[in-house]
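Single-structure report; data block below.
Each reported figure results from applying straightforward, stated rules to the coordinates on display, with no laboratory input. Here the structure is a predicted model, which is why all the values come from computation and not from measurement. Note: ideal-geometry Cβ built from the backbone for every residue, glycine included; neighbour counts use all protein chains shown.
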């Protein structure tokens, strides 16, 4: 069996991080990119994303399968059936310390999303096969600005300088709730 024929590692990593969270008394959260295949309460979706508490206390009948995460949960006192395709999970992490793992968004071949160029940008799809085995599920798309003097080009004598860090400011992570 070669790497392209094997199953995705994503569901196994999600289960492992879920177990790690619960073994250490932490609350596992999953961040989900919402589309028509995701069954969640739409009133809680913001910017096509939702963060779900998948702890034992917050769910019932939790199944972390190879294809879907399924459970029942209460939203504003109302019980809801939740079903998330594994490919739509973009992160799993512990609420208390933010430790976890983020995943690239797997795009299904039947996805209706078609990126469109804006402000003179053109779409370039490089021929890169993903080492994760998701090459058949995901495509890499890079938006490239048109040639102008503000962007780096191959014939430029020097590459542009990276931005300088702000003095006295420490980097920080934003917690998504």
Checklist entry - How many residues are in a loop (DSSP other than H, G, I, E, B), within 13 Å of the chain's Cα centre (by Cα) and touching a residue at least 60 places away in the same chain (Cβ under 8 Å) when one looks only at segment 28-45? => result 1
Checklist entry - touching a helix residue (DSSP H, G or I) at 6+ places or on another chain (Cβ under 8 Å), under 22 Å from residue 176 (Cα atoms) and part of a strand (DSSP E or B), is that true of residue 82? => result no
Checklist entry - Which one of these does residue 66 not meet: (1) farther than 18 Å from residue 103 by Cβ; (2) in contact with a helix residue (DSSP H, G or I) (Cβ under 9 Å, 6 or more places away or on another chain)? => result (1)
Next on the checklist: Can you find, within segment 46-75, the residue that is nearest to the chain's Cα centre (by Cα) among those that are loosely packed, with under 14 Cβ neighbours inside 10 Å and not in a strand (DSSP E or B)?
Outcome noted: 48
